[in-house]
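Trainee: Mind having a look at this structure? Questions to follow.
The values are calculated or read from the model by the stated rules, or taken from the named source; none is laboratory data. If you're wondering where the values come from, they're calculated on a predicted model, not measured in any experiment. A quick note on method: Cβ atoms are made from the backbone with ideal geometry, for glycine too, and the neighbour counts reach across all protein chains shown. Protein only, heavy atoms only, side chains kept; ligands, DNA and RNA dropped before computing areas. Shrake-Rupley method; radii C 1.70, N 1.55, O 1.52, S 1.80 Å.
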Amino acid sequence: MSRTGSTDDGDELLVRLGTLTAQARAQAEVQRSRVELAVALQRGMLPRGLPVGDGVRLAVRYAPAYQGLNVGGDWYDAFTMPDGRIGLSIGDVQGHNIEAAAFMGQVRVGLRALASVDSDPGELLARTNELLLSLSPDLFATCTFMRLDPATRLLESARAGHLPCVWATADGRAGVTEDEGGPPLGIQSGVHYPVTRYRLDTGGVFVLLTDGVVEGPSMSLDEGLDQVVRLAGVAAVARMDTDSLAAAVIKVAERVGHEDDAAVLVIGHDGLRTQP
């Protein structure tokens, strides 16, 4: 083979490599833009403030995770209902892309809007489920919705395929709720979501979370939940404030591998009246 032929082959190879590199950079830029848009959607859909009520103390933490160049659709929400009770939700949308982040916004807005019509947690999940099905989504979402009465400390809960909650009382008891739930939202029509009632004792806490907090390559779901149970129990006995507990719980996500979004919503009651 001549020297000229070898040179021509090398030049052609360099040109092809340059073209492939440029294409890869362009694709990466498009994907990075999609991730930035999804993150902006996530942040824009999360509440900017938390409601207050006599003795009620709420705290949240959220850590978006990146799988390659993808993001997920976890959310939390807390708002005051027309009757003065507090609505609380946490959930996880299937998938890790901009569509999941957008669908998360639809679920969260749907829950808020329908709560002004019917605030019963079971009925609210059922109505939201039918709404999502009418939109013909390709995605589904797991969700827990709770309604808290600050005056009586009655906490009513319904679950749609979501993780159970962790609870702890000031006398040292702690565990995982064993309430009956229904299927995720957006899968099946005509679903009934049972409502379970709890009493939020003074000094007690409830911890709502998504599976990115307690499940990953380094830890099973049961092991992760056990860690949160221990944290909640210690926090309740020590009268730790809800913000400190939420910060401690989100750190569990780092130990499990944190391949998914991680959201934490802590509900506490200290028995003190909110200052006007």
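Trainee: Only one residue in Ala126, Ala158, Ala141 is among the small types (Gly, Ala, Ser), closer than 16 Å to Leu114 by Cα and touching a Pro at 6+ places or on another chain (Cβ under 8 Å). Which one?
Mentor: Sole residue among the options that is among the small types (Gly, Ala, Ser), closer than 16 Å to Leu114 by Cα and touching a Pro at 6+ places or on another chain (Cβ under 8 Å): Ala158.
Trainee: Looking only at residues in segment 204-226 that are open to solvent by less than 10 Å² (accessible area, probe 1.4 Å) and among the small types (Gly, Ala, Ser), which one is farthest from the chain's Cα centre (by Cα)?
Mentor: Gly204
Trainee: Answer yes if at least one residue in segment 190-197 is of a type in the set (D, E, K, R), surrounded by fewer than 16 Cβ atoms within 10 Å (Cβ to Cβ) and under 16 Å from Leu148 (Cβ atoms), and no otherwise. Spell out how you get there, then give the answer.
Mentor: Start the filter on segment 190-197 by keeping residues that are of a type in the set (D, E, K, R), which leaves 197.
Checking the rest, the ones that are also surrounded by fewer than 16 Cβ atoms within 10 Å (Cβ to Cβ) come to 197.
Narrowing further to those that are under 16 Å from Leu148 (Cβ atoms): 197.
Among the residues of segment 190-197, at least one is of a type in the set (D, E, K, R), surrounded by fewer than 16 Cβ atoms within 10 Å (Cβ to Cβ) and under 16 Å from Leu148 (Cβ atoms), which makes the answer yes.
For (1) under 13 Å from Thr196 (Cα atoms); (2) over 20 Å from the mean Cα position of the chain (by Cα), each residue gets a yes or a no:
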| residue | (1), (2) |
| --- | --- |
| Thr128 | no, no |
| Leu133 | no, yes |
| Asp138 | no, no |
| Arg147 | yes, no |
| Arg153 | no, yes |
| Pro164 | yes, no |
| Asp171 | no, yes |
| Val176 | no, no |
| Pro184 | no, no |
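Trainee: How many residues are more than 18 Å from Asp211 (Cα to Cα), open to solvent by 10 Å² or more (accessible area, probe 1.4 Å), of a type in the set (Gly, Ala, Ser) and at pLDDT 75 or above when one looks only at segment 54-94?
Mentor: 1
Trainee: Quick test for you: out of Leu20, Leu41, pick the one residue that is crowded, with 16+ Cβ neighbours inside 10 Å, among the hydrophobic types (A, V, I, L, M, F, W, C) and at pLDDT below 80.
Mentor: Leu41
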